[in-house]
Amino acid sequence: MEISNSGRAFTRRSVLNFALAAGASSMFPVAAHAEAPAAPKGAKLVLLGTKGGPRVGGNRSNPANALIVDGVTYIIDTGMGVTAQVVKAGIDLASIRTILISHMHSDHQLEFGNLVYNIWVSGALRQPVDAYGPAGLEDMARDFWQLNRLDVATRMEDEGRADPSKLLRAHDFTKKDGLVMQDERVKVTAFTTPHPPLENLAYRFETPYGVVVYSGDTAYNPALADFARDADVLVHEVLYLPGVDALVKRANGTPAFRKHIVESHTAAEQVGMIAAQARAKKLVLSHFGPGDMEWITDEMWRAETARHFDGEIVVGRDLLEIPLG
Ligand SMILES: [Zn+2]
Ligand SMILES: [Zn+2]
């Protein structure tokens with residue numbers, strides 16, 4: 001707004017409008033300090049990135065999810081691109097209070113520090129963010145601030161920003177299983193599953209609107225069905241074996257690479273077995289392996305999975321919203 005060039009007389013209203021538009025709110029406390037609207041009630045899961053693996057490109061972003069409960073956002077895994085996907089999904093960065101990491105493969109944590117940085121630099125880091133994950137997460141948070149210390153110190157001094165390192169509270173989950181965190185909206189428990197050569201934390205989210213279980217990356221593990229018992233939504237990683245051969249060939253992969261993929265993930269048919277055993281109400285396929293080969297259709301993913309599961313199957317895609325309750 002270019003009031004000085006408008007050539008018209010300033011009325012009180014035009015000055016008020018200018019002040020509000022310019023954010024000069026302290027001049028007009030009545031208009032400026034209106035109560036923020038109450039957070040919307042309800043819960044939904046948003047698939048932010050549904051491709052398995054760290055390769056960037058194609059129609060799917062790397063692994064990330066948002067569970068939103070009564071307007072508060074819990075981010076589950078932070079693969080490359082998570083911040084852009086959060087923004088695309090229309091999720092307020094300031095609503096992110098909790099981050100959960102399933103395991104330390106880069107496709108699940110490469111943008112962990114950068115997500116928090118991006119919340120901070122956009123002016124939306126007004127409350128602490130608590131992050132939970134396997135041992136090593138606390139080191140990763142500390143190292144991230146060390147890596148970016150020059151920029152952060154400059155912006156703190158130059159732009160008067162608060163110290164972001166104090167607003168990220170990382171917590172290594174060093175137990176095998178059990179309670180990770182609980183607040184007035186969500187109770188989160190973890191279950192360790194094999195994902196050779198690493199271990200992976202599957203998470204169970206109990207909300208007033210239903211239960212979501214997230215497998216993370218896991219080898220076929222019948223015990224996961226007990227952890228996922230009666231879930232309203234089971235989000236499970238998935239592998240299409242004929243596609244794995246094409247993927248290994250494309251990557252000039254060694255037999256060891258193929259062995260790693262097959263032995264540390266769950267084939268589509270086996271995912272159906274887990275969902276059936278768990279009596280999950282809805283199965284959501286995500287973390288597609290491979291996730292960027294267009295010749296593998298939704299119907300192919302679904303048909304493999306449906307061999308053993310006759311409940312609802314959702315073939316996930318980026319930015320898909322799954323309402324709870
Ligand atoms: Zn992965
Ligand atoms: Zn992994």
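The values are calculated or read from the model by the stated rules, or taken from the named source; none is laboratory data. Please read all numbers here as calculations on a predicted model, not as lab measurements. All Cβ positions, glycine included, derive from the backbone under ideal geometry; neighbour counts span all protein chains shown.
Before moving on, here are some points about what is shown:
- Considered as a group, the residues in region 199-218 that are within 12 Å of V180 (Cβ to Cβ) and more than 15 Å from ligand 2 (Cβ to nearest atom) include one that is surrounded by the fewest Cβ atoms within 10 Å (Cβ to Cβ), and that residue is E206.
- Selection status of A135, in contact with a strand residue (DSSP E or B) (Cβ under 7 Å, 6 or more places away or on another chain) and closer than 23 Å to L179 by Cβ: yes
- Subset tally (residues that are among the hydrophobic types (A, V, I, L, M, F, W, C), out of contact with any Leu (no Cβ under 6 Å at 6 or more places or on another chain) and farther than 16 Å from P290 by Cβ) for region 234-243: 1
- Members of region 250-267 found to be closer than 15 Å to G291 by Cβ and surrounded by fewer than 16 Cβ atoms within 10 Å (Cβ to Cβ), listed by number: R250, A251
- For the residues Q127, Q146, the requirement of being free of Cβ contacts under 8 Å to residues at least 24 places away in the same chain, more than 16 Å from ligand 1 (Cβ to nearest atom) and surrounded by fewer than 16 Cβ atoms within 10 Å (Cβ to Cβ) singles out Q146.
- Residue count for region 68-110 satisfying the condition of being within 16 Å of ligand 1 (Cβ to nearest atom) and charged (D, E, K, R): 2.
- Any pair with Cβ under 6 angstrom, 6 or more apart, that starts in region 92-116 at a residue that is more than 12 Å from ligand 2 (Cβ to nearest atom) and ends at one that is modelled with pLDDT of 95 or more and among the aromatic types (F, W, Y): T98/Y74; L100/Y132; L100/Y203; G113/F144
- Being free of Cβ contacts under 8 Å to residues at least 12 places away in the same chain and among the small types (G, A, S) holds for only one residue in G291, G253, and it is G253.
- Of the strands (runs of 3 or more DSSP E) lying entirely inside region 194-253, the ones with 2 or more residues being within 16 Å of ligand 1 (Cβ to nearest atom) and within 23 Å of R317 (Cβ to Cβ) are found at 198-207, 233-239.
- Of residues in region 53-67 being within 13 Å of ligand 1 (Cβ to nearest atom) and surrounded by fewer than 21 Cβ atoms within 10 Å (Cβ to Cβ), the one nearest to D139 (Cα to Cα): P54
- Checked against the criteria, K187 does not count as modelled with pLDDT under 95 and either more than 16 Å from ligand 1 (Cβ to nearest atom) or in contact with a strand residue (DSSP E or B) (Cβ under 6 Å, 6 or more places away or on another chain) (or both).
- Filtered by the rule that a residue be part of a strand (DSSP E or B) and farther than 30 Å from P196 by Cβ, region 68-105 gives I68, V69, V72, T73, I96, R97.
- Entry remark, region 279-325: residues being assigned to a loop (DSSP other than H, G, I, E, B) and closer than 19 Å to L67 by Cβ number 8 in total.
- From R204, R250, R258, residue being of a type outside the set (G, A, S) and in contact with a strand residue (DSSP E or B) (Cβ under 8 Å, 6 or more places away or on another chain): R204
- Filtered by the rule that a residue be hydrophobic (A, V, I, L, M, F, W, C) and more than 16 Å from ligand 2 (Cβ to nearest atom), region 158-190 gives A162, L167, L168, A170, F173, L179, V180, M181, V186, V188.
- Neighbours by Cβ (under 7 Å, 6+ apart or cross-chain): first from region 256-278, part of a loop (DSSP other than H, G, I, E, B); second surrounded by fewer than 21 Cβ atoms within 10 Å (Cβ to Cβ): H265/A219; T266/A219; T266/Y220
- Whichever residue in region 149-171 is part of a loop (DSSP other than H, G, I, E, B) and surrounded by 15 or more Cβ atoms within 10 Å (Cβ to Cβ) and, among such residues, is farthest from the chain's Cα centre (by Cα): R161
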